[in-house]
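To keep things clear, I will list the structure first and then write my remarks on it.
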Amino acid sequence: MNYFLIYHSSIASIISSYTWLTGRMPMPPLWSLGFQQCRWSYYPQSEVLTLAQTFRDKNIPCDVIWFDIHYMERYKVFTWDTDRFPDPKGMLTKMDQLGFKNVVIIDPGIKVEKDYPAYEDGLQKNHFIKYPDGTVYSGQVWPGWCTFTDYTSPQARIWWGDLFKEHVDEGIDGFWCDMNEFATWGQKAPNNLQFAGDGYPITHKMAHNIYGLQMARATYDGAKKLLNGRRPFVLTRAGYSGLQRYTAIWTGDNVGSDDHMLLAVRMVSALGVSGVAFAGADVSGFVTDATPELYARWMSMAAFSPFYRSHKAYGLRDSEPWSYGEDIEQIVRKYVQLRYRMLPYLYSSFYTATQTGMPVQRTLAIDYPMDEKIYYGEYENEFMSGPALLVAACRSTARAANVYLPKGNWYDFNTDKKYAGNTQFYSDAALDKLPVFVKEGSFIPMQSLIQTTVQKPTDTLVLHVYYSSIDNQFTYYEDAGDRYDYQSGGYYKRMMSIRPGSKQIILDKTEGSYASHFRHIKMILHGFDPLMNEVTVNGSSTKIAMQNIELMQQMKLPVVHLQNRNEQITIGW
């Protein structure tokens, strides 16, 4: 055992040191933050195209359609079923024209089959796991008897990564590593299997825990090499410390129940403390049907989580946003659209994760570790989405939620009602109104509604600022969203601060060479003096406009219009 002892006076600092040790995630592609629709499985290709067009026709934003195991020929990885998908490249081109990215599932098992290129080549090049006597190990999975790549071999990882070339050339954008514990039917892989161990031969007893991580690593590295400068997206079911360097993770095959919905909250928050910022669960539950109310509640709650994907198993009812009736569709549309308006806030939160390891979805224990009430069972499903938003997840049957707000002042995200901290109360939790609260002093940058991240928003950044009695700051971040220019200065970053003692909001001078998407800033002031009719902008008096502002409902609030200049902007009130 190797022990690493980390001591700090705050949980955030411990997370920072832990992720310094195990690695931090790179910036994900922007499209991977959008809503994603999956099923086991969508086929034939006409159904996939109809699904994509329906999202567009119904104005429900969506960025990704996922292909589960039925896209393959007899479940063989790196193949297409040519009866179901006679023209994969043509289909993917049409998907691209509709603004969709495409992700395919990949399992580690390679079918034992003569003349199957992946099997024959891997066998010839000695890339498969073996018994001590040199016999290649095989186990049964979806395709039948399979061999398994030894991802602890650097040469095997490179070989595996190169196998994705045809998929990338066809137009696949991301890869989904499943069954990579690794899973086989009816047996546990023997402990005496032999692995390369990156030059230090080991048995399965030592290789087991890192196998899923190394598969994700090989997939990420291969995709990165093939994507011509675009950022890869990888999702994994299994991993190990440091998986955040290569992949997002989801919580596995869950059940369509309130218990599993709320369990997902705690699991994703726990993964965040463990250094994994990009995580989520199968919305509405994978292996059983959800009620319409559960689907609506889960979709509204997951809109505030890092990874936002709906997924449903084979043979169960349809589980797309329009599958549960018009009332549920309307609720779901509202929250998915809110997710897309909030993308500047979420993307900035992901940037923070790349710099400090601080998760996007945060247990309250990070910021309020000494507040005993956050550990009470009735509040265990509350979480922070980024630094500003407290989400009180609750059951689909609840129409009121028992909420606890820690110290400080808070604002109801739906109504702007102000609450003092260290208080417990019952909040309205109608099915179309998830209880969400904003921490005082917060900055929440938002954009106009788009249907896909391929579509550009308008040139105005909507910046919501919440009054505070204490100083606070927020790091705003932009880049191109799908390449690596940000690593050489191609980004736009700005520190935003509120200083109530001097009655100032300060947008610092920008950093980086990237030109912002937004030429204008519409600053919306929450909790400020409603009789205030002017502010100063860099010393010059500026009139305030009172406008109806739509967050979750209409509210009349003071607005300051600004040019998005690169120099420091100081607003005084």
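A few remarks follow.
- Of all residues making up the range 257-266, the number that are buried (at least 16 other Cβ atoms within 10 Å of the Cβ) and in contact (Cβ under 8 Å) with a residue 60 or more places away in the chain: 4
- Scanning the range 179-204 for residues that are under 17 Å from residue 157 (Cβ atoms), of a type in the set (Gly, Ala, Ser) and part of a loop (DSSP other than H, G, I, E, B) gives a single hit, 196.
- Any hit, the range 296-305, residues being among the charged types (D, E, K, R), in the same structural domain as residue 65 (by TED's automatic domain parsing), touching a residue at least 24 places away in the same chain (Cβ under 8 Å) and not in a loop (DSSP other than H, G, I, E, B): yes
- Wholly enclosed strands (runs of 3 or more DSSP E) of the range 373-470 bearing at least 2 residues β-branched (Val, Ile, Thr) and under 16 Å from residue 304 (Cα atoms): 436-439
- Top-ranked residue of the range 205-261 - restricted to ones that are among the charged types (D, E, K, R) and not in a helix (DSSP H, G or I), ranked as farthest from residue 182 (Cα to Cα): 230
- If the condition is being surrounded by fewer than 24 Cβ atoms within 10 Å (Cβ to Cβ) and at negative phi, then the range 239-248 contributes 240, 241, 245.
- Within the range 362-391, the set of residues being β-branched (Val, Ile, Thr), over 20 Å from residue 418 (Cβ atoms) and surrounded by 22 or more Cβ atoms within 10 Å (Cβ to Cβ) comprises just one member, 363.
- Flag for residue 444 being farther than 23 Å from residue 35 by Cα, at pLDDT 95 or above and of a type in the set (Val, Ile, Thr): no
- The range 525-554, residues that are without any contact (Cβ under 8 Å) to a residue 24 or more places away in the chain and of a type in the set (A, V, I, L, M, F, W, C): 531, 544, 545, 546
- From the options 483, 565, residue that is assigned to a loop (DSSP other than H, G, I, E, B), assigned by TED's automatic domain parsing to the domain that holds residue 471 and surrounded by fewer than 16 Cβ atoms within 10 Å (Cβ to Cβ): 565
- For the range 538-559, taking the residues that are within 21 Å of residue 499 (Cα to Cα) and more than 32 Å from the chain's Cα centre (by Cα), the one that is surrounded by the most Cβ atoms within 10 Å (Cβ to Cβ) is identified as 558.
- Top-ranked residue of the range 170-197 - restricted to ones that are in contact (Cβ under 8 Å) with a residue 12 or more places away in the chain and loosely packed, with under 15 Cβ neighbours inside 10 Å, ranked as farthest from residue 280 (Cα to Cα): 192
- Scanning the range 518-558 for residues that are modelled with pLDDT under 95, of a type in the set (A, V, I, L, M) and assigned to a strand (DSSP E or B) yields a count of 5.
- Qualifying residue in the range 508-518 (condition: in contact with a His (Cβ under 8 Å, 6 or more places away or on another chain), among the β-branched types (Val, Ile, Thr), under 17 Å from residue 445 (Cβ atoms) and assigned by TED's automatic domain parsing to the domain that holds residue 447): no
- The range 57-87 - residue that is acidic (Asp, Glu) and more than 18 Å from residue 165 (Cα to Cα) and, of those, farthest from the chain's Cα centre (by Cα): 83
- Evaluated against (1) surrounded by fewer than 17 Cβ atoms within 10 Å (Cβ to Cβ); (2) under 22 Å from residue 68 (Cβ atoms), residue 126 falls short on exactly one condition, (2).
- Within the range 352-361, the set of residues being crowded, with 21+ Cβ neighbours inside 10 Å and either more than 25 Å from the chain's Cα centre (by Cα) or not in a loop (DSSP other than H, G, I, E, B) (or both) comprises 353, 361.
Residue by residue, here is whether (1) in contact with a helix residue (DSSP H, G or I) (Cβ under 7 Å, 6 or more places away or on another chain); (2) among the aromatic types (Phe, Trp, Tyr) holds:
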{"site": "309", "(1), (2)": "no, no"}
{"site": "322", "(1), (2)": "yes, yes"}
{"site": "327", "(1), (2)": "no, no"}
{"site": "341", "(1), (2)": "no, no"}
{"site": "356", "(1), (2)": "yes, no"}
{"site": "371", "(1), (2)": "no, no"}
{"site": "383", "(1), (2)": "yes, yes"}
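- Note on the range 1-115: enclosed helices (runs of 4 or more DSSP H) holding 2 or more residues that are touching a strand residue (DSSP E or B) at 6+ places or on another chain (Cβ under 7 Å) are 45-57, 88-97.
- Just one of the listed residues (165, 130, 111) is among the basic types (Lys, Arg), touching a helix residue (DSSP H, G or I) at 6+ places or on another chain (Cβ under 8 Å) and not assigned by TED's automatic domain parsing to the domain that holds residue 63, namely 111.
- Looking across the range 202-238 at every residue that is farther than 24 Å from residue 488 by Cα and among the charged types (D, E, K, R), the one that is surrounded by the most Cβ atoms within 10 Å (Cβ to Cβ) is identified as 237.
- Here residue 345 meets each of (1) part of a helix (DSSP H, G or I); (2) within 25 Å of residue 423 (Cα to Cα) with one exception, condition (2).
- Test result for residue 475, surrounded by 12 or more Cβ atoms within 10 Å (Cβ to Cβ), out of contact with any Phe, Trp or Tyr (no Cβ under 6 Å at 6 or more places or on another chain) and closer than 21 Å to residue 353 by Cα: yes
The values are calculated or read from the model by the stated rules, or taken from the named source; none is laboratory data. Computed from a prediction, not measured in an experiment: that's the story for all the values here. Every residue, glycine among them, receives a Cβ derived from its backbone with ideal geometry; neighbour counts consider all protein chains shown.
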